[in-house]
Structures are given as structure tokens and as C-alpha cells.
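Presented below is the structure to which this report refers.
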Amino acid sequence: MMPGGMRVCARLLTLAVCATSRSLFPPSSVCDGPVRFCGFAHGPGCDVPASAHRERGGRRSGALGGDRLPSFSSAKVSAVSFLNGQRETGTNAHVPLQKVEDLELTNDNLRFLPLDRSEAPGVRQVRGAVFSLQKTTPLPDPLLVAASPDALSLLGVDASGEETARQEFAEVWAGNRLPRGSVPSSHCYCGHQFGVWAGQLGDGAAILLGEKKTNRGERWEAQLKGSGLTPFSRMADGRKVLRSSLREFLCSEAMHFLGIPTTRAGAIVTSSEPVIRDPFYTGNIVEERATVVLRIARSFIRFGSFEIFREPNAKGMSGGPSHSRDDIKTALLNFVIWTSYPHIWRELAGGQEEPREWTEGENEMERERLEPSAYVAFFEDLVNKTAHLVAQWMGVGWVHGVLNTDNMSICGDTIDFGPFGFMDWFDPDFVSNGSDSDGFYRYSRQPEAVKWNLERLARVLQPLVPLSASQRILAEWDERYRRALATVVRRKFGFVCGEGGGNLSGTFDACLDWILKEALGDGKTYAETHQPRIDPKRVKSVEKYLQEGLRLEQMGLSEERWRLWREEVDRWEALGQKDPEEKGEKDEMLWAQWFDKYVSLLLRDRTAAKAKGIEATEWDRRSKEMRRQHNPKVVLRNHLAQKAIALAEKGDFSEARRLLEVLSRPYEDNHRPEDVLPRRTYVARVCVTCSS
């Protein structure tokens, strides 16, 4: 069960992300004009029932001291990154742009960390090394699908139309021609997958080319995903397909422009090489096109990178390939702090400019450790970054799909876009991954799953981060996440002063249960859009067998899966039985009550602002701007991605390129309705799995 405080957060977030969505009301009940202030791109504005904000016995008119209500209409705002509640836009103008063949990379990862140089063919355990030398596999007939000029500017690469049209551009990002200075390598890491130790995993199809350092001290790693076999490919072929690659490319950039910390995608290149896949794990084999994505990140090191040091246990559980190698662990953590937490390095590295280089033949030496407080400070900073990251996911209704320890970045960025999904309608049990039948990584469970992953990381960071210190920090996870989520919600609702210093969660909590339980649209529409993932007839069959004495485990079911099935079917059946007219009248009353509460909170916030010397007109401007900058109009819905994929698989890349441009402007108003609105029917849902 979720802790009480986190349940309050979840209910609060529900209201913040969807309570006023057009998709939750029948067309006849929406107001005359869009009232947009807390949804996450459910439509061309977040609409509440008309009477919820029309004059009602004089209680709406002049509610803010004689002034009209602040305008909730959306406006053009290009958003990129959080900065004190604001977002910034623009490319990296401080990086001189050059032709792709003039790009030169360096390789700090291989200078400071142990490298497996064997280049032996085949899958193997890589012991005593963090990276393994690995050549890229040429991609025949490379063809550029799309490129992101904004992402490529991080590397200083010109991605104008004239440049991307040249064949050299596609050749480099296909892995056929390497940038100068590049020493290709693949990364060794382990992981827990769906709560179970999986041992060595590693970059099964991704090859790191090196990093680019900017004149502002930034460092960006370039990696080709889908560029061939590595020692970590297991049973796979080292390739990725156009379908999954295009989804990753588009979502990486979409998340960036939403202002959410993420790895980037600079280019996607497909080919004539056929690969065989079973997209839905049904036995239906299809032929797809081998495709490579250029991924760009501050670091591709993840939680699982430290699980290579996991010790075997007395019960026979295997350890990581580099267990008992505290010297490598120290070198890796020092490197992470130096590259991704430079403020800690500057303060607590004892004046060192950089870590000690790794020297062959000295693998058993005691590595030079930083001040103990440096490692604790790193872990606390990571926990804070990760709490804010998850809060931002929740704020846009995004589900990662495979939140394993190997899919979590050590620097607090979103990483590894597989079977992800944005919700079309709010559903706390929304599962984006068609392979996640138990809902292990469902929307509402993401904060809990991430905390569990941090606990796994804490165990392998010992003794550098004492367990007592990491446990103390993680004991505050719920509160750290609650504060991060409250910040997201405050910005969505436009509370300039944080609701006048009050407790946002506590104030709204009184009316949230009404909204969640009763006011989520008319029964017919809601039942249609929330059909259970399991056939209700199957649930009835299981109930019958249980009554006859069979146990769940005999039917291959877990308690958790059975609970989710029952809840989905019961909720769906109950909603379909409600009288639409009666429910509409009740919803209207509940929304009116909620709107009264919201207006009173705005009044409190404006009063608090006045006490700080902020005049009413300035408060109105700030509140309006805050709502505009934190409620996106467009997100990468599955049906949008699927349309681009279907055309791209036929050789038409125009929709993929158009969609990239649309996703780069998520907070603007001038979008086509079909890019904004969710699909209203259950059959429009797209099944997404881990197949890539």
C-alpha cells in the first residue's frame, strides 16, 4: 500500500493533471470558452462545466475583489527547462556549429575507468571493467529519417536542411564513419528487472562514440543505439527497428521541450537491412528495418552501472561481474561526481582538478577516495533530482514502462524510452507496457518503484556511502517527493506565492475525493474510454474457479494481478450503469464547489503576494504566465507516434519531421486539433511492448 502522505499527493495530482479536461465531460457540458489551468494536454484547453464558473447567485461575479477572474486562456510559450519556475528556449548558441565530418570527440570514460580491450567476439561476462572496446557494425544504405537541430547543437553539429541532405550526415550517424577522436565502446552494467535480480545486462545494442566538451564547460556524450553486436547483446542481434527507434527519438525531444530532464536524440537513420521481430510476443514474426538513433546525454551511467559490484549472497544469488572490486567502484563514483556533480567535486575533492587516471596493471590498488561527505552529498543530490524528475513525469501523465534499475540515470535524467506512454485520460492504474500484466510499473506506482531502485543503489554504494547515511536520506523520500510534486501542482494552478504559504495538499484534499470518485465525466463516455485491459468474461471465469476451490497460483495469477483485474472490471461496470443526466447534474454541483475553493485559494495567494509588495496586476500576469508555461497543449500520444511510424515504414518521413516540430512547441496554441485531442475510443489504444 502507498503511504498516507503519498496517497494525498496522488489524489492532489489527479486533480492537477486532469480534473478539468475536455475528455472528462460530455460535449454539452463544457463551458463557452476554454478554461485552461491544470490539465496535461487533454484538449484545446481544460474545460469545466459551464455553470461551474458562470455567475451563480452573484457568487462568481467579482470574486477577486471586484476584478474579473484571471484569464485562463493559453498563449504561445516555447518551453524547454525549469529555472525558478520559468522555462527557457533556444538552441545552444554558444557552441560554434560545424559540419558533421569536422566533429571531434574525446573519451574521458576510457581514460578514468577500466576498459576491456579484448574485442573478443560473442556474448561474455565482462569482469573488472566498466567499458568494453566495440566496433560499430556498418548499416547498409543509410537514410536519414529526421534530425533535431536543437539536440545536435549540443555537439556543435550543424543540422540545417542543407547539411542533413548530404549523405555524409547519414553515414556518420549510422555508425559507418566515425567522428575524429572516437573510440567506440559499450558499457557494462547490471540490474533488477521488475523487482528481480537479472545479473549482467549492459549495452546490448548501444555503442558510445565519446564526448564533446563545450567552451562553457559542458560535457555531452554521443551514443549510437542499434549500431551492432556487443558483449552484452545476449540473444539479440545488436539492432533496433524503425518502429521503436522513432518512438524513442520523438519522445526524447518531446520531454526536453516539456522541460523535463532527459537524454536527447540528435538523429535517426534507417536502412535497407532487414531484421526479424515479434512486436507483440504473439508468435507473429514480421520483417522490419534496422535503424540507429543518435542519443546524446550528460552521462549514460545509470543505477545499474554500480550493480556490477553487487556481492553474491549466501543463498546462491549471483553477484555482479566486478564484485569485490572496491577500487573500480571508487573510480566510477569519483568519475560520476566529477562529470555530473561538479559542484560537489569543486567543494569536496580536496583541490583535485580531475580524478586519477586508470592505469593498466594497477587494478588492485586502493583508489584515492574523496572526503566521505562528498559521497553522501552525491547520494542526497541524486535522490532530490530523482524525486523532482518523477514529479515532473506525474505532472504530464507520463509512464516510463520499464523502471528497472538499469533504466535510471545516475544524474537524474529520463533515460531509455521503450514502452512508455502518455495517458489520454486519467487512470491511476494506467500501464503503458503491454508486457507488464501485473501493473508493476503502472502510473500510480512510479514513485514507489523509483524509491525501491534507489534502495538497491544504496546497497551497492557501500562503504563509500554508509548504509546508515543512505537510509536516513531515503527515509525522507516520501516528503521529498511530496514537496517536488507540490511545486509541480502549484505551477500548474498558478499559485505565485505557493497558495499564500498554506499547505496545498491539505487545502485541496477535502474536495478531491468527490472529484475522483464522482466527477470524471458521464458514465457512458468514461466507461467507453476506460474499458478494462482484461475481458470481463475471463474475470467471471476466474471468480467461478475460485469459488470451486482453485487457487490463484494454480491459474498462473498473482494476488496483485487479480486485484487489478477486479478493480478495473468493477469500476467499468459501475460507470456504465450510471444515469448520464443525473450524473451530469451532480458533477455540475461538485465542480461548482471545487471552483469556489480554487477561487478562494487564488484570493489567498494574491493577498500573500500583496504583502510581499506584488500588485494585483503583476500577480495576475505572473499567475497567468505560470499556468501557460506548465500546462502543455501537445504531448506525444501513442496514436500520433503510430501515424508517423506507419508512414515512415512506407518510406514517407514527412509526418515524423512534422511531429518533431509540433512537439518542440508544446505550450503554444496554434496546433491542429488532431495533434491535441486524445482518441475517444478504446479501440484506438496502441499496444506497446519491450520489442525493439
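Readers should treat all values here as calculations from the given coordinates under stated rules, not as data from a laboratory. Computed from a predicted structure; not experimentally measured. Every residue, glycine as well, gets a Cβ built from its backbone with ideal geometry; the counts of neighbours run over all protein chains shown.
Using +1 on the beta carbon of Lys and Arg, -1 on that of Asp and Glu, and nothing else charged, what's the dipole of region 98-371 about the Cα centre, debye to 20?
620
Is there a quick way to get the dipole size of region 440-486? I mean about its Cα centre, with the Cβ of Lys and Arg at +1 and of Asp and Glu at -1; what is the value in debye to the nearest 20?
On the way: 9 positive and 5 negative charges, 22 e Å.
I would put it at about 100 debye.
If the viscosity is 0.890 mPa s and the temperature 25 °C, what Stokes-Einstein diffusion coefficient in µm²/s follows for region 243-335 when Rh is the Kirkwood radius over Cα pairs?
Values: Rh = 16.8 Å.
My calculation gives 146 µm²/s for D.
Take the Cα gyration tensor of region 393-444, multiply each eigenvalue by 5, square-root it, and list the three semi-axes largest first, rounded to whole angstrom. Before the final figure, lay out each step's value.
Numbers: eigenvalues 65, 35, 15 Å².
They are 18, 13, 9 Å, listed largest first.
Which FRET efficiency value, to the nearest 0.05, do you get for Gln471 and Glu567 by plugging their Cβ-Cβ distance into 1/(1 + (r/R0)^6) with R0 = 22 Å? Mind showing how you got there, number by number?
Details: r = 33 Å, r/R0 = 1.50.
The calculated FRET efficiency here is 0.10.
Give the long-range amide H neighbours of Thr262: residues separated by 5 or more places, or on another chain, with amide H under 5 Å away, using H modelled in the peptide plane at 1.01 Å from N.
Placed amide hydrogens put Thr414 under 5 Å from Thr262.
If you build the Cα gyration tensor of region 240-292 and take the root of 5 times each eigenvalue, what three semi-axes come out, in whole angstrom, biggest first?
Numbers: eigenvalues 136, 37, 6 Å².
Semi-axes from the Cα gyration tensor: 26, 14, 6 Å.
Can you give me the three principal axis dimensions of region 98-371 from its C-alpha atoms, in Å, biggest first?
Largest first, region 98-371 extends 51, 49, 36 Å along its Cα principal axes.
Report, in debye and to the nearest 20, how large the dipole of region 626-672 comes out about its Cα centre when Lys and Arg carry +1 and Asp and Glu carry -1 on their Cβ.
On the way: 10 positive and 6 negative charges, 43 e Å.
Using Cβ point charges on Lys, Arg, Asp and Glu, region 626-672 gives about 200 debye.
I need the phi-derived Karplus couplings for region 241-254: 6.51 cos²θ - 1.76 cosθ + 1.60, θ = phi - 60°, integer Hz, Gly and Pro marked x.
9, 4, 4, 6, 5, 5, 4, 5, 4, 5, 6, 4, 6, 4
How large is the convex hull of the C-alpha atoms of region 604-661 per residue, in Å³?
Working: hull volume 4.9 nm³, N = 58.
Residue-normalised Cα hull volume stands at 84 Å³.
Per residue of region 646-659, in order, report the coupling 6.51 cos²θ - 1.76 cosθ + 1.60 (Karplus, θ = phi - 60°) as ³J(HN,Hα) in whole Hz, putting x for Gly and Pro.
4, 6, 5, 5, 9, x, 9, 9, 5, 5, 4, 6, 5, 5
What are the residues whose amide H is under 5 Å from the amide H of Gly320, where those residues sit 5 or more places off or on another chain and H is modelled from the backbone?
Arg310, Glu311
Sort Tyr441, Tyr545 so that the residue with the fewest other Cβ atoms within 10 Å of its own Cβ comes first and the one with the most comes last.
Details: Tyr441 24, Tyr545 13.
By the 10 Å Cβ count, ascending, the order reads Tyr545, Tyr441.
By average Cβ neighbour count within 10 Å, what is the ranking of 178-186, 111-119 from highest down?
Details: 178-186: 19.7, 111-119: 17.1.
Put in order of decreasing packing, that is 178-186, 111-119.
Could you please rank Ser160, Ser409, Ser227, placing first whichever residue has the fewest other Cβ atoms within 10 Å of its Cβ?
Values: Ser160 11, Ser409 25, Ser227 32.
In increasing order of surrounding Cβ atoms, one gets Ser160, Ser409, Ser227.
Per-residue counts of other Cβ atoms within 10 Å, averaged by peptide: what ranking do you get for 459-466, 560-567, 536-543, highest first?
Details: 459-466: 18.8, 560-567: 16.5, 536-543: 13.5.
Per-residue mean Cβ counts within 10 Å order the peptides as 459-466, 560-567, 536-543.
Taking amide H atoms as placed 1.01 Å from N in the peptide plane, list the residues 5 or more away in sequence, or in a different chain, whose amide H sits under 5 Å from that of Phe131.
HN-HN under 5 Å from Phe131: Asp116, Cys188.
Output wanted: per-residue J couplings in Hz (rounded whole) for region 202-216, from phi through Karplus 6.51 cos²θ - 1.76 cosθ + 1.60, θ = phi - 60°, x for Gly and Pro.
With coefficients 6.51, -1.76 and 1.60, one gets x, 6, x, 8, 10, 10, 7, 8, x, 10, 10, 9, 9, 6, 9 Hz.
Which of His343, His639 comes first, and how do the rest follow, when ranked by fewest Cβ neighbours within 10 Å?
Numbers: His343 10, His639 15.
Taking fewest neighbouring Cβ atoms as first place, the list is His343, His639.
Below 27 Å, Cα to Cα, which lysines can Lys492 reach? Residues fewer than 8 away in the same chain don't count.
Straight-distance partners of Lys492: Lys76, Lys385, Lys451, Lys517, Lys586, Lys597, Lys610, Lys612, Lys624, Lys633.
In Å, what is the Rg of the alpha-carbon atoms in region 535-646, and how long is Dmax?
For region 535-646, the Cα-based Rg and Dmax read 24.4, 71 Å.
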